[in-house]
Amino acid sequence: MNVITENDHIIEKILSLFRWVFLLIAGVYYYILLQGNSFAFLSLLIFGFVYMAVAEYALHRTPLKSKRYHYMTKVSVAFDYVAFLWLIVLTGGGGSPLFPIGYLIILHVAVYWKFSGGMIAALCLGVGYTVVLIFSGYSFNGDNLISYLLDFMFLIFMGILGGIIVSRERKMRSKNTQLEDIARKDFLTDLYNHRSFQEDLRHCAEREKPILVVIADLDYFKSVNDQFGHLVGDNVLRKIGEVLNKQIGTKGRAYRYGGEELAILLDAEDVEEARECLLHIQVVIRNMTFTAKGEDFSVTMSFGTALYPLENGIIPCMKLADERLYLAKKQGRNRIYWYDQYTEKDHVY
């Protein structure tokens, strides 16, 4: 499933605005040129207004990363295609004043499927347009043939141009994202860096998004460096980073806070799910085995947590997570220390 970005959402809103404009133009066409005498056109017009009202509501209310948003945007392409052909039929076929709607559909498809999508959309529209003209008795000769060929070629040209523009924009966006990641990530662990952690904390606070704030620390890591060397210690940190990135996935982010100290921000809309994720991370790290100088060894981590905004503001939660990390270490290390909102007591696992 393609990832829907904020830019894609903005494009969707712009396309939605254009749909409203074309719908209004269609309404004017119905009342002025058809003088309100076409029941089929009126039915399409009413359905179009109802559909657009529902789509507009869904566009602004559906979460960007949800499957529902993903399918909604794709289904709308199919609806646009059918509506386009129907409008062409009802507005005279060849030379229809609503033909430019086809360009809008091509651009919409190109947003999600780039060059190949734009070309396929252009060909489908061209074929559908041709079929409509054939069944409406269009005469393919003289000026009519030239007009038809120009319409068809403009569809293909729009598919090529739209696909190229979107593809170039996506490549530029990908490069910019890569550069941003380089600036925001720790080179050794591939985790986000301390600066990113502070920025993400601020964003969470601004949106008042429920999160589980976690401060973690590798237990006795200095002894690993002393006994096996810093290269082995770096390898341990690298592997820990891989585990965190894999286990957290889309549930949050992990950061290298400094040295062997790490931080995690987990989505806490479902608190129990966030805690289960943290427990699983603890088990995976504890079961990892490293080999150096012919000797096998393992490492453990201690975790301090706080729930924002349940337990206080973002800065107090940071301090609280740090204090609980200290308590987890004091109680024997290899512990997760958190506050249970149901029993209103601290728990250690």
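At a glance:
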item: Close pairs from region 139-155: first touching a residue at least 12 places away in the same chain (Cβ under 8 Å), partner of a type in the set (S, T, N, Q) and surrounded by 13 or more Cβ atoms within 10 Å (Cβ to Cβ), Cβ under 8 Å, at least 6 apart; result: Y148/T130; F152/T130
item: Of the criteria (1) loosely packed, with under 12 Cβ neighbours inside 10 Å; (2) of a type in the set (A, V, I, L, M, F, W, C); (3) over 19 Å from the mean Cα position of the chain (by Cα), which one V75 fails; result: (3)
item: Considering residues of region 111-124 that are within 22 Å of the chain's Cα centre (by Cα) and over 17 Å from H70 (Cβ atoms) only, the residue surrounded by the fewest Cβ atoms within 10 Å (Cβ to Cβ); result: S116
item: Residues satisfying the stated conditions in region 70-103, i.e. part of a helix (DSSP H, G or I), touching a residue at least 60 places away in the same chain (Cβ under 8 Å) and polar (S, T, N, Q); result: T73
item: Close pairs (8 angstrom Cβ cut-off, 6 or more residues apart or separate chains): within 23 Å of A306 (Cβ to Cβ) and assigned by TED's automatic domain parsing to the domain that holds G241 in region 272-296, of a type in the set (F, W, Y) and not in a helix (DSSP H, G or I) anywhere; result: R275/W338; L278/F303; L279/Y349; Q282/F303; Q282/Y349
item: Positions within region 25-43 being among the hydroxyl-bearing types (S, T, Y) and either assigned to a helix (DSSP H, G or I) or modelled with pLDDT under 70 (or both), in sequence order; result: Y29, Y30, Y31, S43
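The values are calculated or read from the model by the stated rules, or taken from the named source; none is laboratory data. Because the structure is predicted, anything quoted here is derived from the model rather than measured. For neighbour counting, all protein chains shown are included, and Cβ atoms are generated from backbone atoms with ideal geometry for every residue, glycine included.
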